[in-house]
Amino acid sequence: MHDVLYVTSEMYPFSKTGGLGDVMGALPPAVHAKGVRTAVITPFYGRMNLAGHKLRLVYSDLHVGYPWPSTTAEIYQTDYDGISVYFVSRGEYFDRRHYYNTHNGDYFDNCERFIFFCKAVLKWARLLPSAPTVIHSHDWQSSLVPPYLYFDREHDSFWKNTRTVTTIHNLAFQGRFSERLFHESGLPAEAWSMHGAEFYGDLNMLKASIAYSDAVTTVSPSYAQEILGPEFGCGLEGFLNAQTHKLYGILNGADYAVWDPSEDKFLPCCYSADNVQGKQECKKSMLSDFYMSEQLVDKPVLGFIGRLRDQKGIDLLIDILPRLMEKEVGVIVLGEGDLGYEARLLEFMEEYPGRFCVQVGYTEDLAHGIQAGADIFLMPSRYEPCGLTQIYALRFGTPPVATAVGGLRDTITPYPDEGATGFTFAEPDGDLFYDAVIQAVDLWHDRPEWEKMVKRAMLKEFTWNRSAGEYIKLYQSLGARV
């Protein structure tokens with residue numbers, strides 16, 4: 001029996017494209033550790049990390065009935081950190097090189113893929129001995145689970161005590177598709193309204209989830225407020241303002257079992273707030289790994305890890321990079337995304353050999369290496385629902401320079417405030433970003449003050465234990481017995 005069932009399109013260590021995967025690898029075990037019986041269900045992708053995890057087939061030929069009456073799925077299960085993780089398998093939908101898209105754009109059948117997934121989740125859950133007390137869906141890919149359950153509850157008493165929660169990790173991605181796909185989805189006609197799934201003549205999957213969930217959360221308190229306005233509301237601000245009675249902001253945590261330099265398997269030398277000497281060894285190793293000049297050992301090195309897209313402000317970094325190269329600093333970028341940005345960054349490598357490096361792609365070892373080896377972490381996001389990399393940077397003693405938005409504002413105490421742990425600038429503007437970076441570089445040269453900031457940053461705690469407690473209180477407020 002499962003008290004809380006988490007529904008997600010990715011979960012670390014099995015699948016991950018960004019923060020959602022990290023969150024889902026940490027939140028369910030944290031809730032489970034507080035005595036709540038939890039489980040996760042996610043797609044069985046063709047490219048998954050299953051090392052060390054044994055899968056078993058728990059249900060074959062599960063009748064899903066979408067998009068054709070005869071369509072079925074297989075359900076696999078494994079154990080992870082004390083919880084059961086279930087995988088929905090259907091090769092033509094999930095056995096692909098990428099999860100959602102390629103460089104050419106989104107997969108043309110993403111709507112059908114995740115309608116199938118949501119239907120399969122509920123078809124499988126209906127076969128359990130008892131219904132989960134809470135079904136908690138994450139982002140648009142899982143977002144039709146709450147509306148399906150809402151309407152099923154009207155005629156199926158199995159679901160009468162099940163409450164639904166939707167978490168918005170990034171409102172910019174809503175799952176917006178053709179009206180035709182709504183009519184094929186199996187949702188009743190009454191869901192096609194401005195109060196339900198309809199959005200300017202299209203199906204909006206995330207909007208449907210917000211409409212029919214018992215509670216809606218965002219991944220930071222600031223983001224919960226920001227999405228009520230036109231700048232960050234992505235067209236849903238009016239609709240969301242009518243839903244504030246069930247809207248909550250709960251700050252993500254960090255999985256310090258994975259992201260802690262005192263016991264990090266990816267680092268050549270571990271270190272802690274009480275003894276940061278090992279960070280210099282990590283810096284030397286990082287410079288070697290990226291073929292950077294040895295002279296940068298005694299200069300500030302700036303690191304950026306993230307998608308190479310406008311949201312992450314990579315264009316702002318590109319804008320100020322020539323000016324930064326006039327200073328005695330190094331810059332390392334890790335990420336992939338817009339092909340134009342990738343090409344421009346590769347050109348910079350040729351223009352500034354040994355002082356600038358970009359690694360197109362993402363690997364965990366390089367990400368950990370940059371967090372530990374860089375002196376200053378760059379996060380010039382245009383919006384950031386929560387952000388995790390700045391939380392990791394704090395623990396690794398790499399003070400961030402970030403836009404004062406969303407979760408960045410909730411997690412960074414800006415210089416020169418008392419107890420400062422990093423630097424922020426008011427809005428996504430190249431000049432403001434540059435000024436904040438130079439402010440950080442100047443303080444880096446003041447070694448006693450810099451070392452105080454590094455220690456304060458490393459001692460900050462953003463644990464999943466705290467976040468899990470807030471989620472459990474939310475579940476209980478809905479009447480769930482957890």
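Throughout, read-outs are computed from the coordinates displayed, never taken from laboratory work. Predicted, not measured: the structure shown is a model, and the values here were computed from it. Don't worry about glycine lacking a Cβ; one is built from the backbone with ideal geometry, like all the others, and counts go over all protein chains shown.
Under the simplified labelling scheme, the residue 77-residue 309 pair shows an inter-label distance of 3.5 nm, with each label point 7 Å from Cα along Cα→Cβ. Highest-first packing order for the peptide set 362-375, 398-411, 70-83 is 398-411, 362-375, 70-83, based on the mean count of other beta carbon atoms within 10 Å.
The residue 351 and residue 429 beta-carbon pair, evaluated with R₀ = 35 Å, returns a calculated FRET efficiency of approximately 0.90. Close amide H pairs (under 5 Å, H built 1.01 Å from N) link residue 12 with 22, 24, 25, residues at least 5 positions away or on another chain.
Cross-link pairs exceeding 32 Å in C-alpha to C-alpha distance, out of 54/207; 119/246; 34/160, comprise 54/207. Projecting the Cα positions of 86, 249, 50 onto the charge dipole of the chain (unit charges on Cβ atoms of Lys, Arg, Asp and Glu, taken about the Cα centre) puts 86 furthest along the positive direction. In terms of its C-alpha gyration tensor, the range 399-444 has an oblate overall shape, because the principal axis ratio a/c (a ≥ b ≥ c, square roots of the eigenvalues) is not below 1.5 and a/b does not outweigh b/c. Taken along the Cα-to-beta-carbon direction at a fixed 7 Å, the label points for residue 418 and residue 285 span 3.8 nm. Measuring r between the beta carbons of residue 53 and residue 260 and using R0 = 25 Å, the FRET efficiency lands at 0.65. Among rounded, prolate and oblate, which fits the range 76-202 when a ≥ b ≥ c are the square roots of the eigenvalues of its C-alpha gyration tensor, a/c under 1.5 means rounded, and a/b larger than b/c means prolate? Taking the square roots of the gyration eigenvalues as a ≥ b ≥ c, the range 76-202 is oblate. In the chain, helical runs assigned H by DSSP with n ≥ 4 each contribute -39500 (n - 2.57); averaged across all residues and rounded to the nearest 500, the mean residue ellipticity at 222 nm is -10500 deg cm²/dmol. Here residue 265 is the anchor, and the lysines within straight C-alpha reach of less than 22 Å, apart from those fewer than 8 places off in the same chain, are 16, 279, 283, 284, 455, 460. A Cβ-based charge dipole, computed about the Cα centre of the chain with Lys and Arg at +1 and Asp and Glu at -1, lands at about 1580 debye.
Can you pull the one-decimal nm distance between simple spin-label points at residue 463 and residue 184, each 7 Å off the Cα toward Cβ? Taking the two extended label points, one gets 4.9 nm.
About its Cα centre, the range 1-154 has a charge dipole of approximately 240 debye under the convention of +1 per Lys or Arg Cβ and -1 per Asp or Glu Cβ, with nothing else charged. For the range 261-460, just say rounded, prolate or oblate: build the C-alpha gyration tensor, square-root its eigenvalues into a ≥ b ≥ c, call rounded for a/c under 1.5, and beyond that prolate if a/b exceeds b/c, oblate if not. Verdict is rounded for the range 261-460. The range 164-195 and the range 1-48 have Cα centres separated by 23 Å.
Here the relative contact order of the range 133-287, from alpha carbon pairs under 8 Å that lie six or more residues apart, stands at 19 percent. When both the range 204-273 and the range 361-426 are represented by their alpha-carbon centers, they are found 16 Å apart.
Given the chain, what percent of its DSSP beta bridges are antiparallel, to the nearest 5? Given both bridge residues lie in the chain, the antiparallel proportion sits at roughly 30 percent. Relative contact order of the chain, taken over Cα pairs closer than 8 Å and 6 or more residues apart, is 13 percent.
The protection proxy used here, the mean number of other Cβ atoms lying within 10 Å of each residue, ranks peptides 115-128, 279-292 as follows, highest first: 115-128, 279-292. The charge dipole of the range 261-460, taken about the Cα centre with unit charges on the Cβ atoms of Lys, Arg (+1) and Asp, Glu (-1), comes to about 480 debye, rounded to the nearest 20.
Remark: the residue 107-residue 193 segment gains 28.3 nm on full extension, using 0.36 nm per residue and subtracting the alpha carbon distance.
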